[in-house]
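The values are calculated or read from the model by the stated rules, or taken from the named source; none is laboratory data. What you see is a predicted model; the values in this text were computed from it and never measured. With ideal geometry, Cβ positions are generated from the backbone for all residues, glycine too; neighbour counts draw on all protein chains shown. Accessible surface areas use protein heavy atoms only, side chains included; no ligands, DNA or RNA. Shrake-Rupley method; radii C 1.70, N 1.55, O 1.52, S 1.80 Å.
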Amino acid sequence: MPLLQLQLSSTAFFWIPGCLILGAAYAFLLYPRRPQPEKKLQNLLFGLRTVVVSAIALLLFAPLVKTMSKSFQKPLIIIAQDNSASIGISKPPGFNAEKYALQLKQLEKTLSDDYEVQAFNFDAQVKQGLNFTFDGKLSNLSSVFKLLDNQFANRNIGAVILATDGIYNTGANPLYESKSLKAPVYTIALGDTIPKRDILISNINYNNIVYLDNQFQLEVGVGAFQSRGAQSRLTVSDQSGTVFSQPVSINSNEFRQTIPVTLLARKKGIQRYNISLSPISNELSAQNNSQTIFVEVVDGRQNVLIIANAPHPDLAALKQSIELHKNYQVKTLLADQVTDVDIEKAGLIILHQLPSLSNPAPKVMQQIAAKPVLFILGVQSNTGAFSAVQPVLNINSSGSFQEVTAKIQPDFYGFTLSENSKNKLQTLAPLTAPFGNYGFKNPASVALNQQIGKVATAMPLLVFTDEPKRKIGVLAGEGIWRWWLEEFSETGGHEAVNELLHKTVQFLSSTDDKRKFRVYPAKNAFDENEHVILNAELYNEAYELVNTSEVNISLKNNQDGNYSFLFSRTGNAYILDAGILPSGEYTYQAQTTLGNKKQTATGQFVITERQTELQQTTANHQLLFAMAEQSGGDMVYPAQISALVKMIRDNENVKTIAYEDRQYQEPVDFKIVFFLILALLSAEWFLRKRNGDI
């Protein structure tokens, strides 16, 4: 119950009597002496007016009223049950899961009589309430202590009861996380500390993306416990059947081996590979004997065709530099060797000194009309014919040539070179370029300008322009082989030249995505405990991002599961958080409208199954003991759960806390003062009215 106390200052002894005198004086003036029969009424009215005026005067001086109240907070007992899969797999002899669940629920009920109790279960995350399904894919013990820090920081936490096997495979070390907790931790030791006979795939290292027709390697980690002398077989299979098989001989009770597996990417798209170990007798679980991985096989190789006027040392330098990147394959032909098939297969054409003085190559120029092209000029080039067949440069030359070095242009944004490459390119040997007047035929982006000696010119050395369906580049000088050799002699490598040529080829061969509706997942492979995120973009006729229309998507997995969602708008685009979905291979189809036209987009992604909980099944009771001892708690086994009630009650640190709340207020803030004064004035008025004084 709140207690009220009037706080008076040291000068109160002066102004309190003054207020009383003021009230009495006011009442004396209002009620002069009257005959004896009316004396009692006069005294009553005199008293009422004195009290009212004195009270109002007191309010003007605003003494403070102190309000005190007490509240009591019971100790909060947190019960956290590990619901991860390792609890259900590795059970000690005599452990009964149903009986244990009843015991823990009874513990919660008994403690609720004296304490405030909140129960949680956890695997990768903490959830409200007890749960004994033991199907969580990950164990995060530290999440319990982070929950206490975030949600119960200012509460009277009496004790934490943590029921787990001590195995954690994600999150921080719980022993360190629990150090900041100012409450005892009582641990219930679940699971079995005795290793069981088991063989498993402990880990698989692999690249998520490989190129079509390339070999790639898996590193399969095999582990076995208490299985000395057993024999198993590792097999890898895809949709076509077994692609790898190897026997595994287990020669110790703590067996670990990494087996390299070389496979060939034979089919484009997301490919599923099943890696499995044949089971051994009496093993703990066969679930961890197999894993499924998904590898995206992309046909990312670009065919680059170099068409030359004549043999030249530049050709070898170009081929070697470009083919350093595995997704490029280079073919070199002379102009009279080129066929329609060669042109059709090529993603980029490099014309070395074509058209030339001896070969205008009109047929080649017609064949490459729709292909991205890089022109390389030299002493064999016909600058007049060159100016006529491409939309980039117009060169008026008398047929003479000059040596020029490269000058980096800082306002070029088509691609970015490293600072080392920029500095190195400007110091390399000069190229041989046509001497004359250079003019741009269309808007262009200049990456390198020509420098003659120490004089920087405005004549372009490497320049690019865009056509509606292709990009065109011009390198106005021959002698790449000199750059290549000089850099190697100075640095032992070709980093600067290789970077320039690779990014030039990449820039010219890349195609812009002209689709008006695009939907793509945040990544092609999600873990099964991850939220699946998809993005969508819608472009109007001017290729501006818009999101006025709704976007619907339907997901379908290989187990005939269907899920429908509606995208949310974000900025000018769309985003979808589909949450956590079952593992498997998914295809999707999204739909929207742009004006009156229906737009669709399709794609695929995979959600890989996690078997982390099956990799380690031996309980870590040492961690639980250390955690309890560090905090002043204790460790018990499932059969001792009922003893926790007495342990907590006997712990002097688990006690109710009383809080005293003090508040200071001015009397004028109390409504009762207003109503009291109103009541006194009303009573005075009523008596005067009754007596006929009003």
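Taking the condition open to solvent by less than 30 Å² (accessible area, probe 1.4 Å) and modelled with pLDDT under 95, does Pro391 pass? I'd like the intermediate steps shown before the answer.
On the way: open to solvent by less than 30 Å² (accessible area, probe 1.4 Å): yes; modelled with pLDDT under 95: yes.
For Pro391, the condition - open to solvent by less than 30 Å² (accessible area, probe 1.4 Å) and modelled with pLDDT under 95 - is met.
Evaluating Ala601 against the criteria (1) at negative phi; (2) in a loop (DSSP other than H, G, I, E, B); (3) in contact (Cβ under 8 Å) with a residue 40 or more places away in the chain leaves one unmet condition, (2).
All conditions but one from (1) more than 18 Å from His352 (Cβ to Cβ); (2) in contact with a Pro (Cβ under 9 Å, 6 or more places away or on another chain); (3) polar (S, T, N, Q) apply to Gln506; the one that does not is (2).
It is to be established whether one or more residues within the range 72-91 are over 40 Å from the mean Cα position of the chain (by Cα) and modelled with pLDDT under 95.
Yes: one or more hits.
Look at Asn535 and say whether it is assigned to a loop (DSSP other than H, G, I, E, B), within 30 Å of Ile270 (Cα to Cα), open to solvent by less than 60 Å² (accessible area, probe 1.4 Å) and of a type outside the set (Gly, Ala, Ser). So Asn535 fails the test. Within the range 81-112, the set of residues being touching a residue at least 24 places away in the same chain (Cβ under 8 Å) and hydrophobic (A, V, I, L, M, F, W, C) comprises Ala85, Ile87, Ile89, Phe95, Ala97, Ala101, Leu104, Leu107, Leu111.
Residue-wise test of (1) open to solvent by 60 Å² or more (accessible area, probe 1.4 Å); (2) farther than 14 Å from Glu478 by Cα; (3) out of contact with any Lys or Arg (no Cβ under 8 Å at 6 or more places or on another chain); (4) not in a loop (DSSP other than H, G, I, E, B).
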residue	(1), (2), (3), (4)
Lys371	no, yes, no, no
Pro410	yes, yes, yes, no
Tyr413	yes, yes, yes, no
Leu417	no, yes, no, no
Leu428	no, no, no, no
Ala433	no, no, yes, yes
Tyr438	no, yes, yes, yes
Pro443	yes, yes, yes, no
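What number of residues within the range 203-237 satisfy the criterion of being over 13 Å from Ile293 (Cβ atoms) and either in contact with a Pro (Cβ under 9 Å, 6 or more places away or on another chain) or in a loop (DSSP other than H, G, I, E, B) (or both)? Result for the range 203-237: 13.
In the set (1) open to solvent by 10 Å² or more (accessible area, probe 1.4 Å); (2) within 17 Å of Met627 (Cβ to Cβ); (3) assigned to a loop (DSSP other than H, G, I, E, B); (4) hydrophobic (A, V, I, L, M, F, W, C), Leu175 fails one condition alone, (3).
For Gln604, indicate whether it is open to solvent by 70 Å² or more (accessible area, probe 1.4 Å) and more than 30 Å from Lys109 (Cα to Cα). When the stated conditions are applied, Gln604 passes them. Just one of (1) free of Cβ contacts under 8 Å to residues at least 24 places away in the same chain; (2) assigned to a loop (DSSP other than H, G, I, E, B) fails for Ser489. It is (2).
If you scan the range 563-584, which residues turn out to be open to solvent by 50 Å² or more (accessible area, probe 1.4 Å) and closer than 21 Å to Phe294 by Cα? Walk me through how you get there before you give the answer.
Just the residues of the range 563-584 that are open to solvent by 50 Å² or more (accessible area, probe 1.4 Å), to begin with: 563-566, 568-572, 575, 577, 580, 582.
Correct list: Ile580, Pro582.
In the range 316-334, which residues are among the aliphatic types (A, V, I, L, M) and either open to solvent by 20 Å² or more (accessible area, probe 1.4 Å) or not in a helix (DSSP H, G or I) (or both)?
If we filter the range 316-334 for residues that are among the aliphatic types (A, V, I, L, M), which is where we start, we get 316-318, 322, 324, 330, 333-334.
The answer is Ala316, Leu324, Val330, Leu333, Leu334.
Residues considered: Glu613, Glu609. Of these, the only one that is charged (D, E, K, R) and open to solvent by 40 Å² or more (accessible area, probe 1.4 Å) is Glu609. Here Val304 passes the criteria (1) at pLDDT 90 or above; (2) more than 40 Å from the chain's Cα centre (by Cα); (3) outside any helix (DSSP H, G or I); (4) not basic (Lys, Arg) except the one numbered (2).
Identify the residue in the range 253-275 that is of a type in the set (A, V, I, L, M, F, W, C) and assigned to a strand (DSSP E or B) and, among all such residues, is farthest from Ser232 (Cα to Cα). Of everything passing the filter in the range 253-275, Ile270 is farthest from Ser232 (Cα to Cα).
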